[in-house]
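Here's the structure, in structure tokens; my notes come after.
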Amino acid sequence: MAELITRKENAVGWVIFSNPSKFNAVSQDMWMALPKAIAGFDADPEVRLIVITGDGEKAFISGADISQFEKARGSAEAQEIYNRAVVDAYEAPVRCSKPVLAKIRGICMGGGLGLAAACDVRIAAADAVFRMPAGRLGLGYNYTGINRFVQILGAANTADIFFSARKFDAADALGMGFVNRVVPVADLDREFAAYAGMLAENAPLTLAAAKFAIRQTGTDPAAREMEKLTRMIETCFNSEDYREGQRAFMEKRKPHFQGK
């Protein structure tokens, strides 16, 4: 059964793409469920970060479920509905105020590659395999999606993976800058948990302001929300967390941030 599974573990909200028989290929219902799942965790004050991953050991996400294309994309109207669902799903991690991490094991292709690109940080196991097969499927990729890859990989690497539709491994992904870290398969759970725990301990308002500022760098200058960013920075300096950070530093102890 293809489904989107959500769960909360301490300060981490997990979003798990589950369709193991198809290497976690994404159904239309799963695309449509993702924005709501992320928004729910974004609104939960107990959640400090969100993790997107795949069910099992074989795949992160293998792409969209192509078996649905004839029905779900068989007419202009159906195509518009489907494309809107995919765009909204890609935008959800970007617009979320909290850090969104991709935990990648095994196959990460097509729509999975696009969704991973929309996350803030990508950590992959050494067995991860990546591919952008749009050129083999006759699909068009919109400006926002291409620009997201260009921001991460640069124009030349983006051209390479789109033009060739080739597979590339975790070492290649690291060299291109697509993933932040590659770890041995046996160490993925432990190292990912340690990294997520480190993020969860940091000041939420600071992370939100940093994420918002990073997002502005990939936006047309005329559309940048600099006034909002200024307010977010001012909120950091006026917060109890800022005072707690100073006290903890002076007292040589770990700070305990509340996000206010």
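Quick notes on this structure:
- Residue match in region 3-13 (condition: at pLDDT below 95 and touching a Lys or Arg at 6+ places or on another chain (Cβ under 8 Å)): no
- Complete set of residues in region 161-194 that are within 17 Å of residue 111 (Cα to Cα) and part of a helix (DSSP H, G or I): 161, 162, 163, 164, 173
- Only one entry of 84, 7 meets the criterion of being assigned by TED's automatic domain parsing to the domain that holds residue 192, among the charged types (D, E, K, R) and in a strand (DSSP E or B), and that entry is 7.
Listed here are the residues, each with its yes/no results for (1) of a type in the set (A, V, I, L, M); (2) under 23 Å from residue 217 (Cα atoms).
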position	(1), (2)
153	yes, yes
164	no, no
179	yes, yes
182	yes, no
198	yes, no
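- Positions within region 72-109 being surrounded by 18 or more Cβ atoms within 10 Å (Cβ to Cβ) and at pLDDT below 95, in sequence order: 72, 73, 82, 85, 86
- Candidates 155, 165 - the one that is surrounded by fewer than 17 Cβ atoms within 10 Å (Cβ to Cβ), small (Gly, Ala, Ser) and in contact with a helix residue (DSSP H, G or I) (Cβ under 8 Å, 6 or more places away or on another chain): 165
- Residue match in region 105-128 (condition: part of a helix (DSSP H, G or I), among the charged types (D, E, K, R) and over 16 Å from residue 42 (Cβ atoms)): no
- Close Cβ contacts (under 7 Å, 6 or more residues apart or on different chains) running from residues in region 105-121 that are assigned by TED's automatic domain parsing to the domain that holds residue 133 and within 20 Å of residue 189 (Cα to Cα) to residues that are assigned to a helix (DSSP H, G or I) and at pLDDT 95 or above comprise 105/188; 108/116; 119/93; 120/211.
- Of all the criteria given as (1) surrounded by fewer than 12 Cβ atoms within 10 Å (Cβ to Cβ); (2) in contact with a Lys or Arg (Cβ under 9 Å, 6 or more places away or on another chain), the one not satisfied by residue 254 is (2).
- As a summary of the residue check, residue 31 satisfies the conditions (1) touching a Pro at 6+ places or on another chain (Cβ under 6 Å); (2) farther than 18 Å from residue 181 by Cβ; (3) buried (at least 20 other Cβ atoms within 10 Å of the Cβ) except for the one numbered (1).
- Identity of the residue in region 198-213, in a helix (DSSP H, G or I) and in contact (Cβ under 8 Å) with a residue 40 or more places away in the chain, that ends up nearest to the chain's Cα centre (by Cα): 211
- Residues in region 126-149 that are surrounded by fewer than 24 Cβ atoms within 10 Å (Cβ to Cβ) and either in contact (Cβ under 8 Å) with a residue 40 or more places away in the chain or of a type in the set (Ser, Thr, Tyr) (or both): 126, 127, 129, 133, 137, 141, 142, 143, 144, 145, 147, 148.
The values are calculated or read from the model by the stated rules, or taken from the named source; none is laboratory data. Note that this is a predicted model, so its numbers are computed, not measured. Every residue, glycine among them, receives a Cβ derived from its backbone with ideal geometry; neighbour counts consider all protein chains shown.
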